[in-house]
Amino acid sequence: MEKYSYIEKYFEGTLSSEEEIIFQNLLAEDNDFAMAFEYEKNVKKAITLNERKALKQKLQSFEKSKKSYKWLCIAASFAVLLGFFIWTIFLNTNYDSLYNEYYQTYPNTIAPTVRGENNTDLKSDAFYAYDSGDYKEAIVLFSEIYTKDGDDYALFYKALSLMETQKYQEALTTLNLHDYTKENTFTPFFRWYAALTNLKLKNKKDATQLLEKLTQTDNPQKEAATRLLSELQ
């Protein structure tokens, strides 16, 4: 079994006793696995909250309508609205909604966030800015690091900072600078955030291709990519 399949089975509640032991060991010993689990947990939490909010809004709207119209009018109006809603869902992709549903700020997994006497180097300053939400400063510092050293993490976090400041086209250009033939630890996350950025920019074809690539290998974003891909098709 692919190791990330244990995450899917965990949320489905179908882990056996033996699989539960393997799952807990992976969670404790495999940093990539632990990050993937936390990311998936946050995504599911966001989806649940969005679903509850949407249901609450529908119920509130229905209650208001009930006070103003007769039952027959309500039924007729609801049928028309439901038909329009279904037509809209099937013929149009709500890119912004999907982006907001799946986007999560990626955590700092590289450097400590405390700035002190022993942490005044450029790398620490860049991550301090990122963790503090000073994304404009983070963009400048990560750009400097990447220009100087060509490190993948600097390119990745620069792109994330650009996304946080809603500079999506520039973020996509930055993500596309990654050498995807490397297939290193960051590569699945480069693909995932490139897919989300394409989604935000309404580049459905490019987003779909990136998501399909993620579903073809065992990686931390495979399950999320599979789910998002099904919503795009």
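No value in this document is a laboratory result; all are computed from the given coordinates. All values reported here derive from a predicted model rather than from experimental measurement. Cβ sites come from the backbone with ideal geometry, for glycine too, and all protein chains shown count toward neighbours.
List of remarks:
- Residues in the stretch 102-109 carry Karplus couplings, in order, of 9, 6, 9, 4, 6, x, 6, 10 Hz; the curve used is 6.51 cos²θ - 1.76 cosθ + 1.60 with θ = phi - 60°, and Gly or Pro positions show x.
- Converting phi to 3J(HN,Hα) with the Karplus coefficients 6.51, -1.76 and 1.60 and the offset θ = phi - 60°, the stretch 21-36 yields 5, 4, 4, 5, 5, 4, 5, 7, 10, 10, 5, 5, 5, 5, 5, 5 Hz in sequence order, with x at every glycine or proline.
- Relative packing of 139-152, 25-38, 191-204, which averages over residues the other C-beta atoms within 10 Å, highest first: 191-204, 139-152, 25-38
- Residue ranges 154-166, 206-218 sort as 154-166, 206-218 when ordered by packing (mean number of other C-beta atoms within 10 Å per residue, highest first).
- Prolate/oblate/rounded label for the stretch 122-232 (Cα gyration tensor, a/c 1.5): prolate
- Only lysine pairs 8 or more places apart, or on different chains, with alpha-carbon atoms under 21 angstrom apart are counted in the stretch 122-232, and they number 26.
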